[in-house]
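K.L.:
I'd like to ask you about the structure that follows.
Please treat every number below as a calculation from the coordinates, not as lab data. This structure is a prediction, so every number in the text was calculated from the model and none was measured. Glycine gets a Cβ as well: all are built from the backbone with ideal geometry, and neighbour counts include every protein chain shown.
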Amino acid sequence: MLGGFDARRTPILQTDVLVIGAGIAGGTAALAAARQGASVLCVSKTPPSEANTAWAKGGFAAVLAPDDSFRLHVEDTLRVGAGLSDPQVVERIIRSGPDTYDWFCDLGARFDRMRSGQVALGREGGHSVHRVVHANGDATGIEIERVLTQSLANEEDVIVRIGAFVRDLLIEDGRCVGAVILEGDVELAVHARSVILAAGGAGQVYRETTNPAGACGDGTALGFRAGAVLSDMEFVQFHPTVLYIAGASRFLISEVVRGAGAQLRDAAGQRFMVGVHRDAELAPRDVVSRAILDRMVATGDTHVYLDLSTVDGDPHELFPSISRICRAFDIDIAHDPVPVRPGAHYAIGGVRTDLEGRTSIEGLFAVGEAAATALHGANRLASNSLLEGAVLGRVAGESAAATTRAPSLPRRIPKPPEPDYAPQLQLDDLLYSLKSLMWRNVGLARDEPGLEEAVHRLALWNHYLLRAHGHDRRSYELKNMLTTSSLIASAARSRTESRGTHYRTDHALRSDDSWCRHVFLCRSPEGAIEQTSGPLGPPSDVGSVQGLSDVE
Ligand SMILES: Cc1cc2nc3c(=O)[nH]c(=O)nc-3n(C[C@H](O)[C@H](O)[C@H](O)COP(=O)(O)OP(=O)(O)OC[C@H]3O[C@@H](n4cnc5c(N)ncnc54)[C@H](O)[C@@H]3O)c2cc1C
């Protein structure tokens, strides 16, 4: 139902590689493509400081310690992935960890070191040893963005445009040939040999989230509208410990804090993770998140507490940003319990890719949080996502630069239809309702009635929004949030078992007989969500799979 207009009237920019996003995935991809001699246009709707990457605290996992091994890191990742991680993908990404560390050091990254000069490694939930590389204590993402931004600025053939919002991908004869961009009120088309989608996560579709405001699921929605295959959308990781102060923006209290000895307690001071899991506070995130939720329900409280008085060392020195933020609310982390509760943190699903970042659409690559490689399976091992973004960002950048086939020029620019009637839609109200619905019905604990309600309400809101659609960035973002939410809810409804981050109160057990497979989603010619499920194959192969019902 997309109308069109003459592409010759829209200004067209030309580049070899278009990169959408300037986080760790987009930044590494742009740099790698440029170093292969390609001209690169990297567009980002937000400044790098507002990408998820810049907010990353703990660091990235890499096998660097003498007591660590690739085998151990692979085993930890597979265990947490709950049967859905692809062992080949896991092996490949984890073996690239040490090289990724060296690559960032060569760019000038200053990671924390011990007095001996050796790299200082943190330990996080699900990891059997210390292996998390970090910078400035808990400000790793800022350091990564600093070196990427600086390195991109030094490349002659890279142009970075901040504030450029990609509203749609351009598809011509089944191939991705560029994208349509909004800069303020101005619409531009970019014509590219290859496009790399690195548009990040979707935490903003939930009321409680650790993600910055730009994480609206644009990447998955863009991929879906373009016709790409998506997978694993039902798996959303919730971070157990998000600072909870009513009225304040949510701030993540990293796992490293629990790794250093902090303990979870309820309002009565009772430590409750012992007895829930043998790793207590360092159990996988879904286990800790659900235990917190259970405790909140049992006590009727809105949050629990993180006690840093048990940390090995001075918490102010070890965690300077957490100390600073808490101090603003008169919380002294060395003595006062810190109020926390879970929040949506990481989108495991996304546009399905192979190990070069190739999607089911020729010319379109996807990397980072917008992509789904099956590294994380049904649950993400902490600090594996920055690693994945950097490893596959570099590979995809090189592959994209090697694309020599010139795509045809787009003949028409897709445009959403003009509104046929305008129901008085309050976008703020719709946004709030959407976030609440997702939190309540598609959050940490799900069931059929809640998911059914979510799928139907989302379809209705989508219908209204399409009919009253504005042509500004805010309307497009809301549309993307609705699309991404529908994809999450539909996939979650199909998976009638509990596994990893996906927990169904009405199907509380894991069912390997029926569900050791992935849910794939793509767009039907009419625009509905089509679902299939099966084992992993190449991204374009969703053929030999078991059909599930189509969901509007
Ligand atoms: C608080 C927090 C702490 C975390 N800590 C860790 C950690 O310690 N270790 C770890 O491994 N992971 C961590 N993560 C997860 C990790 O940070 C992310 O998964 C990772 O940074 C994602 O990188 P990315 O490049 O895919 O996306 P992002 O870094 O989010 O970048 C997305 C980019 O796409 C741009 N964009 C989006 N939509 C559009 C559009 N329509 N048009 C143009 N541009 C667009 C954005 O502006 C941005 O530049 C954390 C996440 C959060 C939120």
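K.L.:
So if I take the centroid of the Cα atoms in segment 141-162 and the same for segment 172-186, what is the distance between those two points in Å?
P.N.:
Rounded to whole Å, the Cα centres lie 23 Å apart.
K.L.:
What do you get for the angle between helix 70-80 and the principal long axis of the chain? Use alpha-carbon atoms, 0 to 90 degrees, nearest ten.
P.N.:
Rounded to the nearest ten degrees, it is 80.
K.L.:
Test of the criteria: in segment 132-186, which GluC sites (Glu not before Pro) are in a DSSP loop and have at most 10 other Cβ atoms within 10 angstrom of their Cβ? Could you put the intermediate results ahead of the total?
P.N.:
Details: sites: E143, E145, E155, E156, E172, E183; in loops: E155, E156.
When the GluC sites (Glu not before Pro) of segment 132-186 are filtered for loop state and at most 10 Cβ neighbours within 10 Å, E156 remain.
K.L.:
Remind me, what semi-axes does segment 121-166 give for its equivalent ellipsoid, largest first in whole Å, using sqrt of 5 times each Cα gyration tensor eigenvalue?
P.N.:
Values: eigenvalues 196, 32, 18 Å².
Output for segment 121-166: semi-axes of 31, 13, 9 Å.
K.L.:
Let me ask something additional. Nearest 20 debye, what's the magnitude of the dipole of segment 216-367 about its Cα centre given +1 on Lys and Arg Cβ and -1 on Asp and Glu Cβ? All intermediate terms of the calculation are to be shown ahead of the outcome.
P.N.:
Details: 14 positive and 20 negative charges, 57 e Å.
So the magnitude is around 280 debye.
K.L.:
Helix 140-153 versus the longest principal axis of the chain: what angle, 0 to 90°, nearest 10, using Cα atoms?
P.N.:
Rounded to the nearest ten degrees, it is 30.
K.L.:
Follow-up question, since we're still on this one. Enumerate the calculated ³J(HN,Hα) couplings along segment 322-339 in order (Karplus 6.51 cos²θ - 1.76 cosθ + 1.60, θ = phi - 60°), each rounded to whole Hz, writing x wherever the residue is Gly or Pro.
P.N.:
5, 4, 5, 4, 5, 4, 4, 10, 6, 9, 9, 5, 6, 10, 8, x, 9, x
K.L.:
Using C-alpha positions alone, give me the convex hull volume of the chain per residue in cubic angstrom. Please report the intermediate quantities before stating the final value.
P.N.:
Working: hull volume 78.1 nm³, N = 552.
Hull volume over Cα atoms, normalised by residue count, gives 141 Å³.
K.L.:
Would you mind computing, in nm to one decimal, how far apart the modelled labels at D173 and D512 are, each placed 7 Å from Cα along Cα→Cβ?
P.N.:
Rounded to a tenth, the inter-label distance reads 4.8 nm.
K.L.:
Also: Along the charge dipole of the chain, pointing to its positive end and built from +1/-1 on Cβ of Lys, Arg, Asp and Glu, which listed residue (P339, V442, G58) has its Cα farthest out?
P.N.:
The residue sitting most towards the positive pole is V442.
K.L.:
If one takes the longest principal axis of the Cα atoms in the chain, at what angle in degrees, from 0 to 90 and to the nearest 10, does the Cα axis of helix 285-299 lie?
P.N.:
Tilt of helix 285-299: around 70 degrees.
K.L.:
Enumerate the amide H contacts of A202 below 5 Å, restricted to partners 5 or more residues apart or on another chain; note that Pro and chain-start residues carry no placed amide H.
P.N.:
G217, A347
K.L.:
By the scheme Lys and Arg +1, Asp and Glu -1, what is the net charge of all other residues having a beta-carbon under 11 Å from that of S323? It would help to have the intermediate numbers written out before the result.
P.N.:
On the way: positive: R324, R327; negative: D138, D314, E317, D332.
Residues close to S323 contribute a combined charge of -2.
K.L.:
Can I ask one more? Extent of segment 270-380 along each principal axis, from alpha carbon coordinates, in Å, largest to smallest?
P.N.:
Cα extents, longest axis first: 56, 32, 25 Å.
K.L.:
If I stretch the segment between A246 and D67 completely, what's the gain in nm (0.36 nm per residue apart, minus their alpha carbon distance), one decimal? If you can, show how the numbers build up before the last one.
P.N.:
Details: separation 179, 0.36 × 179 = 64.44 nm, distance 4.28 nm.
So the extension gain works out to 60.2 nm.
K.L.:
Now a separate question. Pull up the DSSP beta bridges for the chain and report the antiparallel fraction as a percent, rounded to 5.
P.N.:
On the way: 53 of 79 bridges.
About 65 percent, rounded to the nearest 5.
K.L.:
Run the helix sum for the chain: -39,500 (n - 2.57) per DSSP H stretch of 4+ residues, divided by residue count, reported at 222 nm to the nearest 500 deg cm²/dmol.
P.N.:
Working: 16 runs with 182 residues, N = 552.
Taken over the chain, the calculation gives -10000 deg cm²/dmol.
K.L.:
I'd like to know which of V180, I144, G122 lies farthest towards the positive end of the charge dipole of segment 105-182, counting +1 on Cβ of Lys and Arg and -1 on Cβ of Asp and Glu.
P.N.:
Farthest towards the positive end: G122.
K.L.:
Let me ask something else. Using the charge dipole of the chain (Lys, Arg: +1 at Cβ; Asp, Glu: -1 at Cβ; taken about the Cα centre), state which of V80, V132, V395 has its Cα farthest towards the positive end.
P.N.:
The listed residue farthest towards the positive side: V395.
K.L.:
Note down the nm distance, to one decimal, between modelled labels 7 Å out along Cα→Cβ at S436 and at D472.
P.N.:
Computed distance between label sites S436 and D472 equals 2.4 nm.
K.L.:
Here is a further query. Check which residues have an amide H placed less than 5 Å from A334's amide H, if you skip close sequence neighbours.
P.N.:
none
K.L.:
So, with +1 on the Cβ of K and R and -1 on the Cβ of D and E, and no other charges, what is the size of the charge dipole of the chain about its Cα centre, to the nearest 20 debye?
P.N.:
Working: 55 positive and 69 negative charges, 57 e Å.
Its charge dipole is roughly 280 debye.
K.L.:
Using Cα-Cα distances under 8 Å and only pairs 6 or more residues apart, what relative contact order does the chain have, in percent? Walk me through the intermediate numbers first.
P.N.:
Numbers: 1334 pairs, mean separation 117.4, N = 552.
For the chain, the relative contact order is 21 percent.
K.L.:
Okay, next question. Using per-residue counts of other Cβ atoms within 10 Å, averaged over each peptide, order 14-20, 265-271, 293-299 from highest down.
P.N.:
Values: 14-20: 26.6, 265-271: 13.3, 293-299: 15.1.
Sorting 14-20, 265-271, 293-299 by mean packing, highest first, produces 14-20, 293-299, 265-271.
K.L.:
What trypsin sites (Lys or Arg not before Pro) does segment 1-97 have in DSSP loop regions with at most 11 other beta carbons within 10 Å? Please report the intermediate quantities before stating the final value.
P.N.:
Details: sites: R8, R9, R35, K45, K57, R71, R79, R92, R95; in loops: K45, K57.
Nothing satisfies the criteria.
K.L.:
Students often forget the sequence filter, so: which aspartates and glutamates lie under 15 Å Cα-Cα from K435 once same-chain residues fewer than 8 apart are removed?
P.N.:
Correct list for K435: E208, E453, E477.
K.L.:
Could you tell me whether segment 257-312 comes out rounded, prolate or oblate from its Cα gyration tensor? Rule is a ≥ b ≥ c as square roots of the eigenvalues, rounded for a/c under 1.5, then prolate if a/b exceeds b/c, otherwise oblate.
P.N.:
oblate
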